[in-house]
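Shown next, in structure tokens, is the structure this report addresses.
The values are calculated or read from the model by the stated rules, or taken from the named source; none is laboratory data. This structure is a prediction, so every number in the text was calculated from the model and none was measured. Every residue, glycine among them, receives a Cβ derived from its backbone with ideal geometry; neighbour counts consider all protein chains shown.
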Amino acid sequence: MWLLLSFHSREMNCHQFQLDLDTSTPAISESCSTWNLCRLFSFNEIKAATGNLDDNFIIGKGRFFNVYKGFIEDTATTTTVAIKIVKMSSSSGVRKFLNRIKMLSQVRHLNLVSPIGYCDEGQQMILVYDYMVHGSLHDHLYNSKNNITLTWKRRLQICLGVAVGLHYLHMGNEYNPVMHRGVNSTNILLDEKWVAKVSFGPRYIELRRSTAEDDVHYMGVVLFEVLFAKPEEPINLDKCVEFCKREGTLMEKVQPLLGDDTKPYIDSNLYNQIAPKCLNKFVETALSCINEEQSKRPAMNDVVRSLEFAMQLQVAEDKGGRTASLH
């Protein structure tokens with residue numbers, strides 16, 4: 001099990017609340033205790049769940065937050081959760097955060113992480129989420145002991161789940177589309193069935209506008225990251241794109257290495273797994289997502305359809321008994 005909240009991501013909204021908090025924030029006079037889907041925890045309950053905030057319970061850290069693995073004791077059951085404690089600089093910051101979380105608590109989808117509870121005592125915001133058994137996509141891409149479990153089909157399914165979740169944010173609420181503001185492998189979490197769930201982070205609270213095209217760009221970066229994963233080394237996206245363009249996305253001709261300086265190579269764990277036609281479609285989709293001209297990027301529903309087609313191409317090749325070679 002694992003945490004459900006990498007906060008390297010972004011946003012949401014609902015009802016009369018504004019998505020971009022560049023205007024005065026409505027008071028939460030009713031308090032979040034009235035939220036039907038979000039439980040109010042006392043700080044004492046939070047401490048009890050984490051061994052009095054014992055460092056041994058920490059499963060993630062950021063500049064302004066710690067994430068703890070916690071155990072919520074109810075009458076007959078013990079629930080494993082992830083508890084994120086965010087330090088806020090002002091009461092207005094807490095207020096804005098609560099408004100955003102209220103919105104998040106009302107957005108429910110298979111491929112999204114939604115808070116199950118919160119605590120707002122003191123100058124900090126505490127969020128409680130379900131605990132993700134398989135951790136983050138980042139863990140599996142960059143931990144050599146884990147990434148062998150991420151077959152190409154599983155990666156495709158994870159990418160598809162992320163795209164479906166983002167599409168729901170963009171289109172699930174006709175009057176209040178939601179922009180995530182920065183999905184990446186650290187905030188893509190995996191449950192016990194390897195279902196991808198997108199979580200939200202500090203940028204979700206930032207007072208800046210974002211567009212669907214921005215989310216599409218981040219999605220494209222994730223697609224390349226899934227393909228070119230390299231341990232302990234950030235992907236040089238420009239070089240990867242240049243590489244793919246030069247090869248014309250005919251990935252069956254791809255050589256593992258570009259050069260000693262950048263080495264934007266396909267993850268060696270994927271060799272002999274990827275159908276060339278599937279890979280062509282996958283890279284074509286990724287390239288379209290990061291198009292420098294925002295207006296030429298696909299809508300998220302088009303990304304979903306493209307990834308579904310890539311999966312169909314992979315399944316068809318597998319059924320035909322052929323395997324791709326990337327040597």
Worksheet item: Quick one: would you say I266 is at pLDDT below 60 and over 15 Å from A163 (Cβ atoms)?
Response: no
Worksheet entry | Top-ranked residue in the stretch 143-158 [being in a helix (DSSP H, G or I) and under 13 Å from L270 (Cβ atoms); ranked as modelled with the lowest pLDDT] | N147
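Taking the stretch 98-113 as the region of interest, how many residues are at pLDDT below 80 and either in contact with a Ser or Thr (Cβ under 9 Å, 6 or more places away or on another chain) or surrounded by fewer than 22 Cβ atoms within 10 Å (Cβ to Cβ) (or both)? Spell out how you get there, then give the answer.
Narrowing the stretch 98-113 to residues at pLDDT below 80: 98-107.
Checking which are either in contact with a Ser or Thr (Cβ under 9 Å, 6 or more places away or on another chain) or surrounded by fewer than 22 Cβ atoms within 10 Å (Cβ to Cβ) (or both) leaves us with 98-99, 103-107.
Matching residues across the stretch 98-113 total 7.
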Worksheet item: Does the stretch 67-86 include one or more residues that are outside the structural domain of T186 (by TED's automatic domain parsing), modelled with pLDDT under 85, surrounded by 14 or more Cβ atoms within 10 Å (Cβ to Cβ) and not in a helix (DSSP H, G or I)?
Response: yes
Discussion item. On the basis of being within 25 Å of Q314 (Cβ to Cβ), out of contact with any helix residue (DSSP H, G or I) (no Cβ under 8 Å at 6 or more places or on another chain) and either at pLDDT 60 or above or not hydrophobic (A, V, I, L, M, F, W, C) (or both), does G220 make the cut?
Written reply: no
